[in-house]
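For reference, the structure is listed below as structure tokens.
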Amino acid sequence: DGVIGRLLVEVADGLAAGSDQDQAEQWVERTRDLDGDLDAAWALVRQARESARLNPRRSARGLRDPQEWHELLTRMEQAVAETRSMARTLALSLADGRHWDPAFRERFVAVLHRSGQAIDAADQEPLRVARAELDEVVAQVARAGLEDRLWPEYGAVLTNLRNVLDAMDEVARANPLGQPPLPLRRRPAQQRGGARP
């Protein structure tokens, strides 16, 4: 979903600019807004399923068991929860005045920004590239011998981002909003009351 991607870009840009705790708390609140959007989407899926159940026409049969929509919304819920967890970790870190290693901060901000852009684009290939870059950041961090007391924070935000990318990769693969329209069978022109101009 583009909103999740744009929020991640905003978080990355904020970290690069030296965000404070208040801004991180705003990111947490934004994820709560996304929860509201997801609740509305779940309601629409339930309504569509019920409408299809009551509709005897063949065209409505595909909506009677919208399992794919359930899976996609569940993955989006996971992505929002992971984004909220990341924002909370950042808020706590900023509140405690912890200073991340500059090299880690730079690498994390870069991959977070690219990940947000890839999620916003809803394209699997950029998501795979972002995931590969994240794996490289993890490998670099493991070799860097960073300060032990900050490892829990580094691990938390890296795990959150990995889980967001994995969840949104499946959403991009399904491409629920970018599918081509269903082909409609058209009656011949003479049956519609005349030839086309």
For region 114-128, enumerate the residues that are open to solvent by less than 50 Å² (accessible area, probe 1.4 Å) and over 16 Å from GLU170 (Cβ atoms). GLY116
Being part of a helix (DSSP H, G or I), open to solvent by 30 Å² or more (accessible area, probe 1.4 Å) and either aliphatic (A, V, I, L, M) or at pLDDT below 85 (or both) narrows it down to one of GLU106, GLU133, GLU71, so name that one. GLU71
In region 103-127, the residues that are of a type outside the set (Val, Ile, Thr) and farther than 18 Å from GLY2 by Cβ: ALA103, PHE104, ARG105, GLU106, ARG107, PHE108, ALA110
Per the filter on region 6-27, residues in contact with a Leu (Cβ under 9 Å, 6 or more places away or on another chain), outside any helix (DSSP H, G or I) and open to solvent by 20 Å² or more (accessible area, probe 1.4 Å) are ASP20
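Yes/no per residue for (1) under 16 Å from PRO152 (Cα atoms); (2) of a type outside the set (A, V, I, L, M, F, W, C):
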residue	(1), (2)
ARG84	no, yes
LEU90	yes, no
ASP96	yes, yes
PHE108	yes, no
ARG114	no, yes
With respect to PRO152, determine if the residue is modelled with pLDDT of 80 or more and surrounded by fewer than 17 Cβ atoms within 10 Å (Cβ to Cβ). yes
Residues that are of a type in the set (A, V, I, L, M, F, W, C) and either over 17 Å from MET76 (Cβ atoms) or open to solvent by 80 Å² or more (accessible area, probe 1.4 Å) (or both), drawn from region 28-45: VAL28, LEU44
Quick one: in region 137-146, which of the residues that are surrounded by fewer than 13 Cβ atoms within 10 Å (Cβ to Cβ) and farther than 18 Å from ALA110 by Cα is farthest from the chain's Cα centre (by Cα)? GLY145
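The values are calculated or read from the model by the stated rules, or taken from the named source; none is laboratory data. Computed from a predicted model, the values in this text were never measured in an experiment. Neighbour counts run over all protein chains shown; Cβ positions are idealised from the backbone, glycine included. In case anyone asks, the SASA skips ligands and DNA or RNA and just uses the protein heavy atoms, side chains included. Shrake-Rupley method; radii C 1.70, N 1.55, O 1.52, S 1.80 Å.
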